[in-house]
Amino acid sequence: MSEVTETLVMEVLATVVGPDGRRTLTEAGMISGVAIKERNVQFSIEIDPKDADRMEPIRKAAEAAVDGLDGVLSVTAILTAERAAPSAPSGDGAKAADAPPRPGRKSGPTGVANIVAVASGKGGVGKSTTAVNLALALKDLGLRIGLLDADVFGPSQPRMLGISGRPNSPDGKVLEPMENFGVKAMSIGFLISEDQPVVWRGPMVMGALQQMLADVAWGELDVLIVDMPPGTGDAQLTMAQNTPLAGAVIVSTPQDIALIDARKGLNMFRKVDVPVLGIIENMSVYVCPSCGHEAHIFGHGGARREAESLAVDFLGEIPLDIDIRTHADDGDPIVIAKPDSPHTKAYRDIATTIWSKLSGEAAESVRRAAPSIVVE
Ligand code: ADP
């Protein structure tokens, strides 16, 4: 079986005619993000959003063309509208696209103001617990919040949010998000049964995330928290790259090893120009519930020191506490179950910092998108 290479993929895509009926997809410069992992191919077709309907057959044709290559196992082509539509070739009198490409954010689901990834360099550090409590703490600030469980390898948000059942889809295309505690939620866990094994390949992960972003009626949200799959592999990188993220929050435990992983997470977001809003140290201090003695089971302060040395903000620390675990695992997160506890306050303080950063970022992106004056 011959090797599947990017050159071969581009060659075959050079036979698919684009939306203008003249130039091929490659001639029109519409192909980006070709990723090949174990013979699974993924790429994006950059389109003008107004062409979305008529691009669907072209997307299918592009997938079919690549699928025809020897040795290809699966193909996922995604339509993206990240930048302004490719301009018409010079010389035919056509004007370049009216609006200049906007620096900064890619466009996300309409109505969602900020998408924030909660990520960790490795599993088991409490990323999902942090994501759900932050979502609830942000909601308590009076904001409209959604939680997208993109941790397709171990979706835990249905359990943590205490939601069961399946989402409705009145038109058979768009899913209505589930909701509890005033937070809208979508998870692959609502769509597959817990014991159903799913072998996720990189492109499938991306496809699932794209669908949960684009094909869910999120409505108007101030923040959509994305609980990312743990780690910094290709799937996570592609997600970070293709999702219009306003920022990322890294969750780490204090031990050195977890911090090394956290550093990888941080670098992944930096590589794709997503602002890292800061690091949270989870499972920080352990306070004995009977005697009040403080123990630093996983060490303490490592994330703060690491944040300093990496020039990224330290957002706060969450103790290792049995209440945090039991309430999260019982579908009644501590921010809801014990609103007056010091732990809830810790989540609220972090949520407040995140929101002030996002609202500052929003203002900054509006400034950046302001029209610039060009003197001809
Ligand atoms: P991840 O998403 O990083 O894999 P989870 O959020 O699922 O991690 O957490 C793993 C386990 O640790 C869960 O049982 C959770 O309840 C528990 N946990 C998370 N954070 C804390 C904490 N601060 N104190 C006590 N238990 C915690």
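The values are calculated or read from the model by the stated rules, or taken from the named source; none is laboratory data. Everything quoted here is computed from the prediction, not taken from an experiment. All Cβ positions, even for glycine, are placed from backbone atoms using ideal geometry, and neighbour counts span all protein chains on display. Areas reflect the complete protein model, heavy atoms only, side chains present, ligands, DNA and RNA absent. Shrake-Rupley method; radii C 1.70, N 1.55, O 1.52, S 1.80 Å.
Calculate the dipole size of the range 6-81 relative to its Cα centre from +1 charges on Lys and Arg beta carbons and -1 charges on Asp and Glu beta carbons; express the result in debye to the nearest 20.
Here the range 6-81 has a charge dipole of around 80 debye.
Could you give me the ³J(HN,Hα) list for the range 34-40, computed from phi with Karplus coefficients 6.51, -1.76, 1.60 and θ = phi - 60°, whole Hz, x at Gly and Pro?
5, 10, 10, 9, 6, 6, 9
What are the equivalent ellipsoid semi-axes of the range 112-185, built from the alpha-carbon gyration tensor (square roots of five times its eigenvalues), in whole angstrom, biggest first?
Rounded to whole Å, the semi-axes are 21, 16, 12.
Which FRET efficiency value, to the nearest 0.05, do you get for ALA295 and ALA214 by plugging their Cβ-Cβ distance into 1/(1 + (r/R0)^6) with R0 = 41 Å?
0.35
Figure the gain on full extension for ILE260 and ASP330 (residue separation times 0.36 nm, minus the Cα-Cα span) and round it to one decimal in nm.
22.1 nm
For the range 112-369, just run the numbers: alpha carbon Rg, then divide by 2.2 N^0.38 Å, N being how many residues it has.
0.96
Heavy atoms of the protein only, probe of 1.4 Å, neighbouring chains included. What is the accessible area of LYS139 in Å², nearest 10?
Near enough 70 Å² of accessible area.
Set the Förster radius R0 to 22 Å, insert the Cβ-Cβ distance between VAL272 and SER359 as r into 1/(1 + (r/R0)^6), and round the FRET efficiency to 0.05.
Once rounded, the FRET efficiency stands at 0.45.
Work out, step by step, the length gained on full extension between LEU191 and SER169: first 0.36 nm times the residue separation, then minus their alpha carbon distance; give nm to one decimal.
Additional length available on full extension: 6.7 nm.
Using a 1.4 Å probe on the protein heavy atoms, what percent of the accessible area of the range 12-71 belongs to carbon and sulfur?
Reported share for carbon and sulfur atoms: 52 percent.
Tell me, what is the per residue accessible area of the range 6-81 in Å², probe radius 1.4 Å?
47 Å²
Give me the accessible area per residue for the range 112-369, probe 1.4 Å, as a whole number in Å².
Here the per-residue accessible area is 41 Å².
How big is the range 6-81 by the Kirkwood estimate over distinct Cα pairs, in Å?
That comes to 12.2 Å for the range 6-81.
Pulled fully out, how much extra length does the chain show between GLU6 and ASP20, if you take 0.36 nm times their separation in residues and subtract their Cα-Cα distance?
Stretched out fully, the GLU6 to ASP20 stretch lengthens by 2.6 nm.
Of the heavy-atom accessible surface of the range 112-369 (probe 1.4 angstrom), what whole percent is carbon and sulfur?
In the range 112-369, the share of accessible area belonging to carbon and sulfur is 51 percent.
Please go through the residue pairs LYS37/LYS127; LYS37/LYS139; LYS139/LYS173; LYS50/LYS122; LYS37/LYS271 and name each one whose alpha carbons sit more than 31 Å apart in this structure.
Cα-Cα > 31 Å for LYS37/LYS139; LYS50/LYS122; rest within.
List every residue whose amide H lies under 5 Å from the amide H of LEU175, counting only residues 5 or more places away in sequence or on a different chain, with H placed 1.01 Å from N in the peptide plane.
VAL216, ALA217
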